[in-house]
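A.B. asks: Sending over a structure as structure tokens; questions will come in a sec.
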Amino acid sequence: MQQRYTVGVDYGTESARAVLVDVSTGQEVAVAQAVYRHGVIDRVLPGTDRTLPPDWALHAPEDYLESMGATVQQVLADSGVDPALVIGIGIDTTACTMLPVTSDGTPLSWLEQWRGEPHAWVKLWKHHAAQAHADRLNALARERGGMFLNRYGGKISSEWMFPKTLQMLEEAPEVVEAADRLIEIQDWVTWRLAGVEVRSLTGAGYKAIHEDSGYPPDDFLAALDPRLPAVVRDKLGHAFHTVGTRAGGLTNDAAALTGLCPGTAVAVGNMDAHVSVAGCGVTGPGRMVMVMGTSICHLLMGPELAIVEGMCGVVRDGIVPGWWGFEAGQSAVGDHFGWFRRTCLPAAYEEEAREAGIDPLRLMETKAAALRPGESGLVALDWWNGNRSVLVDVDLTGVLVGATLATTPEEIYRALIEATAFGTRTIVEAFEKAGVPVDELIGCGGLPDHSPLVMQIFADVTGREIRVAAAAQTPALGSAMYASVAAGPSLGGYADIEEAAVAMAHLRDTVYRPTPSHQLVYDELFAEYKELHDYFGRGPNQIMKRLKRLRKTVRGGEDG
């Protein structure tokens, strides 16, 4: 039998990446990337002079199709693989990234009468302008006994479907009226590929408060806005499909776009972090996957429902069918270190890096690696971008304790790395306290490739071995794996994701093991971290929130 291939497309915030994968081995035969033509739209709406308010973040839906066509055609051209040998395609996206469309899937922003209306465009995951609507939703849920909140860490994010829908309903009701569907981008792209509307259980469960019994009840929705029950009933979708399911076959238009053959199996869409779990070869409990980039998503599975403090969500079959899928996360990790690079690196270090011919952050890592745990006398909190888990509070900010006139940049940098590791340990301990074991950590994403120091400190702080995914494009590989399941054995694919993972997902030989002497010191430092964590995050000290309010007041006065 001839070799078979699948394609996985991973849609990020700034660009899309496609991989062409050998189904029998998981080898990445070709990789391509395309930057979105419009980028993140957060200032002026394209083609207009309309300025966007603060905290808006939009995408142009056409960017998803253009980048799909460019990347898939490129991997086919670069590899020389016959499109007839490609048996499936799968995609993953950021979430919640949503848009309003007509009954045939046409985005409202493509229609002339709506081009100048921001609410008609794609709302990116990091669109935070619906915070007031999220606050109302959370307050009402707490008034009614908590309702669904314990399944989502005690708080629904402004990034999710319901706050964004509420904002749209109240600020642009005519857009909601014109839209036949409000849909996650992962489901919209799948619709464009397969020609049928097929919604993913993963997107609905984690980002649209869709639990086992469905959406929140009508009386709750009506208390938020009397129009909301009808919007949910008519526009959000109610039939959901698990990952690995075949959504349909590639349409003629989608085949022309991608260069693949009509009828090629299209997998149900997925979320970028969640699909990475399969890409790491994890299909069962006890192994926490850390998708490590600008932030960290922590993904873990268990046989039973458990309520874990500060988790982002738990969904049956949400990561791998047959298991409860848990999600947690940290808001500032790689971008934490990037902030330090941009704002705190001395000119002398920049010059030293230039003379050595290396990146300044690489120089900083070398200097930080030469330090012993505890040598700096510093401890930090990792809240430079708020706290996602376990406190679920975007208004928390960073802390550095112990600095003196003798403190060096590398000591601060190492303290920031240690703080992120302490944050992950806090999450691990929350899961174990709730009865969900974490036996091993597996890292994927950009950080494992670029920072051995980060990985070793995480191992030392958590006291667990850390393995690293072999794939350079783990989410795209995961999507390609689910595409092989959507195609099925009769076409040369697999019966389920467990079978696909055995053949296609691999880990590197490198293992980061805890250093016992470092663990002892980090246990002491973690106790100090926890005291600061609880004092500022749980206790009576609200200075961070007061300072944020003061900053907004002063800046508002300047703007006005």
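A.B. asks: Can you find, within the range 23-38, the residue that is farthest from Leu58 (Cα to Cα) among those that are in a strand (DSSP E or B) and free of Cβ contacts under 8 Å to residues at least 60 places away in the same chain?
C.D. replies: Val29
A.B. asks: Limited to the range 120-139, what total is found for residues that are crowded, with 23+ Cβ neighbours inside 10 Å and assigned to a helix (DSSP H, G or I)?
C.D. replies: 3
A.B. asks: Only one of (1) modelled with pLDDT of 95 or more; (2) closer than 18 Å to Ala16 by Cα; (3) under 21 Å from the mean Cα position of the chain (by Cα); (4) of a type outside the set (Asp, Glu) fails for Cys280. Which number is that?
C.D. replies: Failing condition for Cys280: (2).
A.B. asks: Also, quick follow-up: Give the range 445-472 a look and list any residue that's part of a loop (DSSP other than H, G, I, E, B) and buried (at least 23 other Cβ atoms within 10 Å of the Cβ), or say none.
C.D. replies: Residues of the range 445-472 part of a loop (DSSP other than H, G, I, E, B): 445, 451, 463-465, 470-472.
Within the range 445-472, Gly445, Ala471 meet the criteria.
A.B. asks: Report, by residue number, each residue of the range 153-184 that is surrounded by fewer than 20 Cβ atoms within 10 Å (Cβ to Cβ), modelled with pLDDT of 95 or more, in a loop (DSSP other than H, G, I, E, B) and among the small types (Gly, Ala, Ser).
C.D. replies: The one that is surrounded by fewer than 20 Cβ atoms within 10 Å (Cβ to Cβ), modelled with pLDDT of 95 or more, in a loop (DSSP other than H, G, I, E, B) and among the small types (Gly, Ala, Ser): Ala172.
A.B. asks: Of all the residues that make up the range 214-247, how many are over 16 Å from Ile183 (Cα atoms), among the small types (Gly, Ala, Ser) and surrounded by fewer than 19 Cβ atoms within 10 Å (Cβ to Cβ)?
C.D. replies: The qualifying residues number 3.
A.B. asks: When you go through (1) under 23 Å from Ile185 (Cβ atoms); (2) surrounded by fewer than 24 Cβ atoms within 10 Å (Cβ to Cβ) one by one for Gly310, which number turns out not to apply?
C.D. replies: Of everything listed in (1) under 23 Å from Ile185 (Cβ atoms); (2) surrounded by fewer than 24 Cβ atoms within 10 Å (Cβ to Cβ), Gly310 misses just condition (1).
A.B. asks: Is it the case, given these coordinates, that Thr94 is surrounded by fewer than 16 Cβ atoms within 10 Å (Cβ to Cβ) and within 30 Å of Gln113 (Cβ to Cβ)?
C.D. replies: no
A.B. asks: What pairs come out if I take residues in the range 48-74 that are more than 12 Å from His119 (Cα to Cα) and pair them with residues that are in a strand (DSSP E or B) and aromatic (Phe, Trp, Tyr) whose C-beta lies under 7 Å away, six or more apart or interchain?
C.D. replies: Tyr64/Tyr11
A.B. asks: Which condition does Thr420 not pass, out of (1) over 23 Å from the mean Cα position of the chain (by Cα); (2) part of a helix (DSSP H, G or I), if it passes all the others?
C.D. replies: The single condition Thr420 does not satisfy is (1).
A.B. asks: So which residues in the range 39-55 are surrounded by 20 or more Cβ atoms within 10 Å (Cβ to Cβ) and either in contact with a Pro (Cβ under 6 Å, 6 or more places away or on another chain) or part of a loop (DSSP other than H, G, I, E, B) (or both)?
C.D. replies: Leu45, the sole residue that qualifies.
A.B. asks: Out of Ala348, Ala368, Ala353, report the one residue that is among the hydrophobic types (A, V, I, L, M, F, W, C), part of a helix (DSSP H, G or I) and surrounded by fewer than 18 Cβ atoms within 10 Å (Cβ to Cβ).
C.D. replies: Ala348
A.B. asks: Out of all the residues in the range 294-304, which are surrounded by fewer than 19 Cβ atoms within 10 Å (Cβ to Cβ) and either within 11 Å of the chain's Cα centre (by Cα) or within 16 Å of Gly154 (Cβ to Cβ) (or both)?
C.D. replies: Thr294
A.B. asks: Out of Pro437, Pro514, Pro475, I need the residue that is surrounded by 21 or more Cβ atoms within 10 Å (Cβ to Cβ), under 26 Å from Val390 (Cβ atoms) and either modelled with pLDDT of 95 or more or not hydrophobic (A, V, I, L, M, F, W, C) (or both). Which one?
C.D. replies: Answer to the check: Pro475.
A.B. asks: Those residues that are part of a loop (DSSP other than H, G, I, E, B) and either surrounded by fewer than 24 Cβ atoms within 10 Å (Cβ to Cβ) or at pLDDT 95 or above (or both), I need them from the range 313-338; list them, please.
C.D. replies: Asp317, Gly318, Ile319, Val320, Pro321, Gly322, Trp323, Ser331
A.B. asks: Give the residue, chosen from Arg388, Arg372, that is of a type in the set (Lys, Arg) and at pLDDT 95 or above.
C.D. replies: Details: Arg388 fails: at pLDDT 95 or above.
Matching residue, one of Arg388, Arg372: Arg372.
A.B. asks: Any chance you could count how many residues in the range 45-65 are of a type in the set (D, E, K, R) and in contact with a strand residue (DSSP E or B) (Cβ under 7 Å, 6 or more places away or on another chain)?
C.D. replies: Here the count works out to 1.
A.B. asks: Another question about this same structure. Across the range 75-85, what is the total count of residues that are among the acidic types (Asp, Glu) and touching a residue at least 12 places away in the same chain (Cβ under 8 Å)? Step through it out loud before you land on a result.
C.D. replies: The first filter runs over the range 75-85 and keeps only residues among the acidic types (Asp, Glu), leaving 78, 82.
Cutting the leftovers down to touching a residue at least 12 places away in the same chain (Cβ under 8 Å) gives us 78.
So the count comes out to 1.
A.B. asks: Those residues that are in a loop (DSSP other than H, G, I, E, B) and of a type in the set (A, V, I, L, M, F, W, C), I need them from the range 475-495; list them, please.
C.D. replies: Within the range 475-495, just Ala495 meets the criteria.
A.B. asks: So if I check each of Asp359, Asp395, Asp449, which one is touching a helix residue (DSSP H, G or I) at 6+ places or on another chain (Cβ under 7 Å) and free of Cβ contacts under 8 Å to residues at least 24 places away in the same chain?
C.D. replies: Asp359
A.B. asks: Going by the conditions given, is Ser490 polar (S, T, N, Q), surrounded by fewer than 15 Cβ atoms within 10 Å (Cβ to Cβ) and under 30 Å from Ser200 (Cβ atoms)?
C.D. replies: Working: polar (S, T, N, Q): yes; surrounded by fewer than 15 Cβ atoms within 10 Å (Cβ to Cβ): yes; under 30 Å from Ser200 (Cβ atoms): yes.
Yes: the conditions hold for Ser490.
A.B. asks: Before we move on, is Leu547 hydrophobic (A, V, I, L, M, F, W, C), surrounded by 11 or more Cβ atoms within 10 Å (Cβ to Cβ), touching a residue at least 40 places away in the same chain (Cβ under 8 Å) and within 13 Å of Leu396 (Cα to Cα)?
C.D. replies: So Leu547 fits the description; yes.
A.B. asks: Sticking with this one: Of the conditions (1) of a type outside the set (Asp, Glu); (2) part of a loop (DSSP other than H, G, I, E, B); (3) surrounded by 17 or more Cβ atoms within 10 Å (Cβ to Cβ), Ser67 clears all except one; give me its number.
C.D. replies: (2) is the only condition that Ser67 fails.
The values are calculated or read from the model by the stated rules, or taken from the named source; none is laboratory data. Only a predicted model underlies this, so the values are computations on that prediction, with no experimental measurement involved. Glycine gets a Cβ as well: all are built from the backbone with ideal geometry, and neighbour counts include every protein chain shown.
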